[in-house]
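Please treat every number below as a calculation from the coordinates, not as lab data. What you see is a predicted model; the values in this text were computed from it and never measured. Positions of Cβ are backbone-derived with ideal geometry, glycine not excepted, and every protein chain shown enters the neighbour counts.
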Amino acid sequence: MGKTQVTDLDWDNLGFAYHDLPYRYRAVYRNGAWEPGELITDSDFQISEAAVALHYGQQAFEGLKAYRRPDGGVNLFRPDQNAARMARSAERLRMPAYPEDLFVEAVKQVVAANQEFVPPYGSGATLYLRPLLIGSGPAVGVHSADEYIFNIYATPVGAYYKGGLTPTAYVTSEYDRAAHGGTGQAKVGGNYAASMLPGEQAHAAGYSDVVYLDPRLHENIEELGSANFFGITRDGRFLTPKSPSILPSITKYSLLALAKEAGLQPEETTISINELDQFEEAGAMGTAAVISPVGSITHRGQKHVFYSETAVGPKTQALYDRLTGIQFGTEVGPADWAVDV
Ligand code: PLP
Ligand code: COI
């Protein structure tokens, strides 16, 4: 696959796809220490056929975006939080974390090196950064690798869910993506591998994504396949599931703060799939999803419609405007959220 040229790209119709850009950052851990990382042009890995990542899934990843500001500069959004979460994912899978300060510096280097691929302000598109940590050393028995690769690639992206700010339909599944006490809190590939069959079944049936229910009771909402869930009640509470088996979403924690600022009452709590009536509006939130309105959830053949199947609700729209205003640098948010590259 050849390198993508800037002239190949239509900023307004990007989709959520991989493009092989000129530069990525790569570092190797061997002999008990991280060697200095560097920007390289080779987008391939050469690793052992016995690499632990390939057999036993010893890997973790992150997702964050670079946003073109109207002044031509570029913002990252809370990259320190991605660095910290990747360190926690690494700990859960017995991998050496990439040092958090170097992680943020490496992200900046990748953005700067590929800066012509940061989409223009106003297109709505962004440059998605994908940090990855893999156990590259060989093993046959189930134990952690002795060598690791840390890599960050970048790819320009548009909306993750087809509709953007148009509501889309979601469906519950009999499958779980992560177990109670499993790896749901970590951003590891195995959780996503487990979500592919239910996700593809949902897509084939015309839904945007799956609503996972808690793995113990199948009663309470966990999260979506690629984002956290929120609902806004008629009396102004901004509710989002509290569970040990969901990803601690950086967008979620940001929106909990912005909801409060907007006069809503934010709360992480148990949300029963049988109590959707309490919500006037609902949405998906995440780096890729940004805020995507949830038009409906179908559970056991029963479809529940929230605000509207075709129009975004006013509170969801206001939160979207505030969040993206901070990300794209047109509004000032809490200290350290927007980081200049
Ligand atoms: N939940 C899942 C399963 C995800 O894949 C993501 C995306 O990263 C999120 C939630 C949202 O997390 P964040 O806001 O940190 O991107
Ligand atoms: C993200 O929002 O960064 C994600 O990781 C979601 C998905 C693309 C896996």
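Work out the FRET efficiency for His218 and Ala311 from their Cβ-Cβ distance, taking R0 = 22 Å, and round it to the nearest 0.05.
Details: r = 31 Å, r/R0 = 1.42.
Working from the Cβ atoms, E equals 0.10.
The length gained on full extension between Val140 and Phe45, counted as 0.36 nm times the residue separation minus their Cα-Cα distance, comes to 32.2 nm.
For a Förster distance of 35 Å, can you work out the FRET efficiency between the beta-carbons of Arg237 and Ala17, rounded to the nearest 0.05?
0.40
When only Cα pairs under 8 Å and 6 or more residues apart are kept, what is the percent relative contact order across the chain?
On the way: 751 pairs, mean separation 64.3, N = 341.
For the chain, the relative contact order is 19 percent.
Placing pseudo-labels 7 Å out from each Cα toward the beta carbon at His180 and Ser123 gives an inter-label distance of 4.6 nm.
As a proxy for reagent exposure, Val110, Val341 were ordered by neighbouring Cβ count within 10 angstrom, fewest first; the result is Val341, Val110.
Before anything else, pin down the relative contact order of region 6-157: Cα pairs under 8 Å, at least 6 apart, normalised by residue count, whole percent. Don't skip to the end; give the middle numbers.
Numbers: 305 pairs, mean separation 55.0, N = 152.
Result for region 6-157 is 36 percent.
A full extension of the chain between Ala257 and Ala205 corresponds to an added length of 15.2 nm, given 0.36 nm per residue minus the alpha carbon distance.
The Cβ shell under 11 Å around Pro120 holds other residues with a net charge of 0, Lys and Arg each +1, Asp and Glu each -1. Exposure proxy for Thr7, Thr155, Thr41: other Cβ atoms within 10 Å of each Cβ, ordered fewest to most, give Thr7, Thr41, Thr155.
Distance from the C-alpha centroid of region 178-229 to that of region 261-304: 15 Å, rounded to the whole angstrom. Can you bin region 42-122 into rounded, prolate or oblate? Criterion: square roots of the alpha carbon gyration tensor eigenvalues sorted a ≥ b ≥ c, rounded for a/c under 1.5, prolate for a/b above b/c, oblate for the rest. The shape class here is prolate. From the Kirkwood radius over Cα pairs of region 168-327, Stokes-Einstein at 37 °C and 0.692 mPa s returns a whole-number translational diffusion coefficient of 212 µm²/s. By DSSP, the beta bridges lying fully in region 168-327 are antiparallel in about 60 percent of cases. Which lysines, on any chain, are close to Lys260 with Cα under 23 Å apart, when same-chain ones fewer than 8 places away are left out? Within the straight-line cut-off, Lys260 pairs with Lys242, Lys252, Lys315.
Is the shape of the chain best called rounded, prolate or oblate, per the rule: a/c under 1.5 gives rounded, else a/b larger than b/c gives prolate, else oblate, with a ≥ b ≥ c the square roots of the Cα gyration tensor eigenvalues?
Working: a/c = 1.76, a/b = 1.28, b/c = 1.38.
It is oblate, given that a/c is not under 1.5 and a/b is not larger than b/c.
Checking every one of the GluC sites (Glu not before Pro) in region 233-341 against DSSP loop status and a limit of 15 other Cβ atoms within 10 Å picks out Glu275, Glu309, Glu331. Its relative contact order, with pairs defined as Cα atoms under 8 Å and 6+ residues apart, puts region 2-79 at 16 percent. Axis angle, to the nearest 10 degrees, between helix 314-327 and the longest C-alpha principal axis of the chain: 20 degrees.
Under the rule a/c < 1.5 gives rounded, and otherwise a/b versus b/c splits prolate from oblate, where does region 6-157 land using the Cα gyration tensor? Verdict is prolate for region 6-157.
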